[in-house]
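Q: Supplied in structure tokens, the structure appears directly below.
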Amino acid sequence: MNILITGAAGFIGSHASEYFLSKGNTVVGLDNLDDFYPIHFKELNLAGLKQNPRFHFYQADIRDEKRLDEIFSKEDIHLVLHLAAKAGVRPSIENITAYYDVNVNGSISLLEAMRKHDVRKLLFASSSSVYGNNPKVPFSESDRVDDPISPYASTKKSGELLCHVYTHLYGFDITCLRFFTVFGPRQRPDLAIHKFTRLIDLGESIPFFGDGNTARDYTYIDDIVNGISCAANNISGYKIFNLGESRTITLQHLVETIEKAVGKPAILSRLPMQQGDVNITFADTRKARAEIGYNPQFDLETGINNFVQWYQDKKSFLYK
């Protein structure tokens with residue numbers, strides 16, 4: 001199978017690319033190498049992939065309709081995994097226009113390229129952020145998601161709606177995957193686990209928002225890739241699945257776990273809650289388990305230890 005992966009140079013995209021290549025597929029990787037974080041992080045992610053002759057990489061923007069047409073004309077694509085997006089809840093508040101341009105208009109460009117070239121199977125990367133401050137936990141796919149509290153979340157809900165339209169009008173098979181706080185080796189440097197590990201290692205203070213009781217459903221990257229694979233093998237019609245570990249970890253416990261893995265104490269810079277941040281994320285994964293065979297395996301401690309080992313191995317290159 002030939003799979004187009006948008007955002008292939010990123011954290012999740014590079015892991016997904018490796019997985020599908022390991023199963024004998026051809027992966028067409030597309031990434032614009034956005035400088036939201038240093039490009040050499042992405043170049044490291046791509047280095048191993050580019051050694052595989054079944055990995056075809058294109059540096060391109062999903063909003064570039066002409067370039068998309070060229071790629072779809074050249075490559076015999078059977079399935080699209082759409083991960084490319086402007087990421088981050090807090091940055092989206094500062095630049096709403098750019099987030100809508102990339103995440104919504106870019107998705108439209110991709111869907112239109114698929115329609116033109118008769119590629120009808122898509123996995124769309126959504127987010128737990130669409131649930132907002134839902135008072136009901138754990139979050140279920142059947143819950144109402146009409147109250148996002150950040151522009152980023154609203155773009156992901158918009159993407160899900162676009163996917164439904166293309167399924168209804170054009171007969172696409174689309175599965176939307178709501179990722180819950182993904183972490184592991186190659187995690188973006190702006191995200192909490194990577195940022196905290198770096199600052200604790202350096203002996204610098206970490207930003208600690210709120211009283212430490214906010215909680216997240218942290219999902220290890222291997223479990224996310226497993227969920228993507230399960231969804232790819234069972235794609236039919238329009239569906240939505242949560243991909244999480246279905247357990248919650250407080251911010252306080254997260255910091256303590258990283259302290260233990262790094263072997264140094266954290267210095268806390270206590271700050272008020274930030275706009276756009278939710279109080280809790282908690283995935284109900286029963287639907288994904290029952291319908292596509294999703295089966296997360298990793299606990300927080302194992303995942304953090306794996307991440308810290310990767311960070312120690314790569315930090316001299318990443319922070320040169």
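The values are calculated or read from the model by the stated rules, or taken from the named source; none is laboratory data. Everything numeric here is computed off the predicted structure, so don't read it as measured data. FYI the Cβ positions are ideal-geometry reconstructions off the backbone, even for glycines, and counts take in every protein chain you see.
Q: Checking the structure you have, find out if any residue of the range 204-222 is farther than 27 Å from residue 275 by Cα, at pLDDT 95 or above and over 13 Å from the mean Cα position of the chain (by Cα).
A: The answer is no, given that none of the residues of the range 204-222 is farther than 27 Å from residue 275 by Cα, at pLDDT 95 or above and over 13 Å from the mean Cα position of the chain (by Cα).
Q: Would you mind stating whether residue 126 is closer than 22 Å to residue 79 by Cβ, in contact (Cβ under 8 Å) with a residue 24 or more places away in the chain and among the small types (Gly, Ala, Ser)?
A: For residue 126, the condition - closer than 22 Å to residue 79 by Cβ, in contact (Cβ under 8 Å) with a residue 24 or more places away in the chain and among the small types (Gly, Ala, Ser) - is met.
Q: Look at residue 185 and say whether it is touching a helix residue (DSSP H, G or I) at 6+ places or on another chain (Cβ under 9 Å) and either within 22 Å of residue 276 (Cβ to Cβ) or in a helix (DSSP H, G or I) (or both).
A: no
Here's the yes/no breakdown for (1) closer than 16 Å to residue 186 by Cβ; (2) crowded, with 17+ Cβ neighbours inside 10 Å:
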{"residue": "7", "(1), (2)": "yes, yes"}
{"residue": "10", "(1), (2)": "yes, yes"}
{"residue": "16", "(1), (2)": "yes, yes"}
{"residue": "24", "(1), (2)": "no, no"}
{"residue": "51", "(1), (2)": "no, no"}
{"residue": "60", "(1), (2)": "no, yes"}
{"residue": "69", "(1), (2)": "no, no"}
{"residue": "73", "(1), (2)": "no, no"}
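Q: Here's another thing I want to ask about it. Go through the range 132-144 residue by residue and tally those that are in contact with a helix residue (DSSP H, G or I) (Cβ under 8 Å, 6 or more places away or on another chain) and either modelled with pLDDT of 95 or more or assigned to a strand (DSSP E or B) (or both).
A: Count: 4.
Q: Across the range 277-293, which residue is farthest from the chain's Cα centre (by Cα) among those that are within 13 Å of residue 214 (Cα to Cα) and surrounded by fewer than 20 Cβ atoms within 10 Å (Cβ to Cβ)?
A: Of everything passing the filter in the range 277-293, 279 is farthest from the chain's Cα centre (by Cα).
Q: Counting only residues that are assigned to a strand (DSSP E or B) and in contact with an Asp or Glu (Cβ under 8 Å, 6 or more places away or on another chain), which one in the range 4-25 is nearest to residue 119 (Cα to Cα)?
A: Ranking the qualifying residues of the range 4-25, first place goes to 4.
Q: Of the conditions (1) among the acidic types (Asp, Glu); (2) under 20 Å from residue 78 (Cα atoms); (3) surrounded by fewer than 18 Cβ atoms within 10 Å (Cβ to Cβ), residue 43 satisfies every one except a single condition; which number is it?
A: Answer for residue 43: the failing condition is (2).
Q: Here's another thing I want to ask about it. Which residues, counting only those in the range 276-296, are in contact with a helix residue (DSSP H, G or I) (Cβ under 6 Å, 6 or more places away or on another chain) and within 23 Å of residue 137 (Cβ to Cβ)?
A: Selection gives 276, 281, 292, 294, 296.
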